[in-house]
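Bear in mind these aren't lab numbers, they're just calculated from the coordinates by the rules spelled out. No experiment lies behind these values; they were computed from the predicted model shown. For neighbour counting, all protein chains shown are included, and Cβ atoms are generated from backbone atoms with ideal geometry for every residue, glycine included.
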Amino acid sequence: MVRVDRVENTKPDVVWDLDRFPWPLEESSFDIIDCTDVIEHLEDIVVVMEEIHRVGRPGALVRIATPHYSSSNSFTDPTHRHHLGIFSFDYFTGANKWSFYTEIRFKKKRAELIFHPGLLNKIVRRVARRWPEAYEQRLCWIFPAWFMSFELEVVK
């Protein structure tokens, strides 16, 4: 495991600003890439995804966790640059008509909306998982999601 952070006092293995490209990591060198609470802080998500694709081996698992745009956490943190939805990473799978932003591809293995625990949210979670588009279009501002979790596979 290699931890990368731009802040030295977090004691990463590599001190690096992930908004600087290319990253000082070898091409096709990782089987698992974990971006928990990272993507929303970075300037250019398309270039970041291209770097993730570059350093991942074919078939590498990419885990991403980020607040859903309806979450107060998404807007409360002043370092968040992006507010994303459940379909945001479809732009990198070819499943979206807007996939022309980049040539790289990932296979979507999982995309999940996570809600605060509670009886009402159990019901909302079921509705949101079954009909994610309807949830984002009509219900997310009434019943906000907490965050999202994705698993993508590097396709080379």
Query raised in the report: Using θ = phi - 60° and the Karplus form 6.51 cos²θ - 1.76 cosθ + 1.60, what ³J(HN,Hα) does each residue of region 106-118 get, whole Hz, x for Gly and Pro?
Result: 10, 9, 7, 8, 7, 9, 9, 8, 10, 10, 4, x, x
Report summary line: For region 71-79, Karplus-derived ³J(HN,Hα) couplings (6.51, -1.76, 1.60; θ = phi - 60°; whole Hz; x for glycine and proline) come out as 6, 4, 4, 4, 9, 6, 6, x, 8
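Given Cα positions, please report Rg to Rh for the chain, the hydrodynamic radius being the Kirkwood one. Could you put the intermediate results ahead of the total?
Working: Rg = 16.1 Å, Rh = 16.5 Å.
Result for the chain is an Rg/Rh of 0.98.
Once fully extended, how much extra length lies between L139 and D44, figured as 0.36 nm per residue of separation less the alpha-carbon to alpha-carbon distance? List each step's numbers first, then the result.
Details: separation 95, 0.36 × 95 = 34.20 nm, distance 2.84 nm.
Length difference between fully extended and current span is 31.4 nm.
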Query - On Cα atoms only, tilt of 119-130 relative to the major axis of the chain in degrees - result: 70
Report task. Just order 24-31, 70-77 by mean Cβ neighbour count inside 10 Å, highest at the front, would you? Result -> 70-77, 24-31
Query raised in the report: Across the chain, how many lysine pairs separated by 8 or more positions, or lying on different chains, have Cα atoms within less than 22 Å?
Result: 7
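Looking at the chain, what % of its DSSP beta bridges pair antiparallel, to the nearest 5?
Looking only at bridges with both residues in the chain, the antiparallel portion is about 65 percent.
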